[in-house]
1. Restricting attention to segment 134-154, does a residue exist that is closer than 20 Å to residue 67 by Cβ and crowded, with 19+ Cβ neighbours inside 10 Å?
2. Could you count how many residues in segment 58-67 are touching a strand residue (DSSP E or B) at 6+ places or on another chain (Cβ under 8 Å) and farther than 10 Å from residue 372 by Cα?
3. Checking residue 389 against (1) in contact with a strand residue (DSSP E or B) (Cβ under 8 Å, 6 or more places away or on another chain); (2) within 27 Å of residue 277 (Cβ to Cβ); (3) more than 16 Å from the ligand (Cβ to nearest atom): exactly one of these is not met. Which one?
4. Considering only segment 191-209, I want to know if a residue exists there that is within 16 Å of the ligand (Cβ to nearest atom) and within 21 Å of residue 305 (Cβ to Cβ).
5. Looking at (1) within 16 Å of the ligand (Cβ to nearest atom); (2) part of a loop (DSSP other than H, G, I, E, B); (3) under 20 Å from residue 287 (Cβ atoms), find the lone condition where residue 377 falls short.
6. Considering each of 93, 81 in turn, give the residue that is within 16 Å of the ligand (Cβ to nearest atom) and either closer than 18 Å to residue 370 by Cα or under 19 Å from the mean Cα position of the chain (by Cα) (or both).
7. If only one of 99, 127, 87, 111 is within 30 Å of residue 400 (Cβ to Cβ), outside any loop (DSSP other than H, G, I, E, B) and away from the ligand (no atom under 16 Å from the Cβ), which one is it?
8. Go through (1) part of a loop (DSSP other than H, G, I, E, B); (2) on the phi < 0 side of the Ramachandran plot and name the single condition residue 220 misses.
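The values are calculated or read from the model by the stated rules, or taken from the named source; none is laboratory data. Quick caveat, the model's predicted, so the values are computed rather than measured. Here Cβ is always computed from backbone atoms with ideal geometry, including for glycine, and neighbour counts include all displayed protein chains.
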Ligand code: GLA
């Protein structure tokens with residue numbers, strides 16, 4: 001019996017049941033050990049975390065978008081250890097640099113560039129032209145005289161791009177390896193007749209004088225690329241040194257993707273110097289991986305676009321899984337998880353991160369940037385609604401999450 005008891009204990013079988021239920025010779029059952037649960041994976045020791053940039057070095061530089069403050073606060077050591085590239089979350093946008101016509105505020109960006117240079121990191125320039133951060137001085141003037149007005153707007157665009165490109169190329173040689181020349185030029189709604197964001201102040205300004213008279217709103221895009229290419233040439237650089245990119249969101253959504261591809265295709269057909277497409281990749285934990293791959297393939301398959309590259313420019317994975325109405329009308333958004341989201345959600349996020357990085361490992365993808373370094377700072381705490389989000393690879397204390405470990409360790413199991 002002694003041996004039988006040991007075997008049954010080990011098997012997690014209760015002795016009472018094995019003895020037929022209490023009518024036997026034992027007066028009190030021995031204490032029962034709890035069944036042994038399958039072991040739950042534990043987060044590895046943070047001290048054993050390998051540098052993310054080293055693990056991805058064979059594929060692409062990996063970066064984070066930051067504010068200058070991150071170069072001196074607790075984020076700095078994380079950035080230096082893990083990232084080989086940086087993006088300015090805001091301070092290289094016209095709203096910061098373009099104080100007034102001919103007046104440039106480079107100081108905040110210089111902090112970031114100097115940090116990158118000291119630490120041998122690349123920088124993605126973001127961005128010359130964006131409908132959301134276009135200072136009004138670009139569009140000043142008398143619209144009644146369409147010819148003069150359009151020429152003035154165009155000259156301001158050229159002067160701005162030339163000055164900003166030259167500043168960074170001259171002062172930080174070899175650091176800026178790409179510029180998002182135009183950000184978010186495509187319409188969200190598929191429209192083959194006009195795939196452009198027609199409400200952009202750039203589009204509107206360029207179309208003063210009337211489309212019927214040849215003033216096409218979308219021409220600001222070709223102009224911006226042409227001016228960036230002029231500036232690149234003036235700096236003695238080529239597309240090998242600095243990529244000129246069209247950046248947009250939702251390229252993993254077929255209708256939006258079709259608009260973006262139509263725009264890029266028409267730029268290529270017109271001989272406009274464009275080097276690639278930036279895919280923002282602000283995705284949710286339910287993201288369709290097939291559509292992510294389709295976004296890269298669409299660029300690879302453009303006619304005359306065999307030399308185009310794909311950059312992932314603003315990656316984050318929301319822990320929520322909201323319907324479209326949440327983004328449009330702010331209705332139907334998932335309830336706030338609060339400060340401690342369920343492990344199941346973080347595990348799903350980690351699995352998605354692993355699959356995303358596996359999808360990124362293809363020759364056409366030559367840069368991947370996360371939109372933040374750690375969960376202590378993310379725009380998704382206020383967009384699409386105010387709510388706690390945890391979309392990045394490092395937690396609010398800067399420690400590696402399951403999402404980090406799934407990216408660097410293909411064999412790791414999540415709880
Ligand atoms: C867009 C822009 C970024 C940033 C994010 C949200 O994706 O391209 O510069 O502003 O929105 O913060």
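1. Restricting attention to segment 134-154, the residues satisfying the condition of being closer than 20 Å to residue 67 by Cβ are 135.
Checking which are crowded, with 19+ Cβ neighbours inside 10 Å leaves us with 135.
Within segment 134-154, one or more residues are closer than 20 Å to residue 67 by Cβ and crowded, with 19+ Cβ neighbours inside 10 Å.
2. Number of matching residues: 4.
3. Going through (1) in contact with a strand residue (DSSP E or B) (Cβ under 8 Å, 6 or more places away or on another chain); (2) within 27 Å of residue 277 (Cβ to Cβ); (3) more than 16 Å from the ligand (Cβ to nearest atom) one by one, residue 389 breaks only (3).
4. No, there is no match, as no residue in segment 191-209 is within 16 Å of the ligand (Cβ to nearest atom) and within 21 Å of residue 305 (Cβ to Cβ).
5. It fails just one condition, (3).
6. Numbers: 81 fails: within 16 Å of the ligand (Cβ to nearest atom).
Only one candidate passes the filter, namely 93.
7. None of the other options fit; the residue is 111.
8. Residue 220 satisfies every listed condition except (1).
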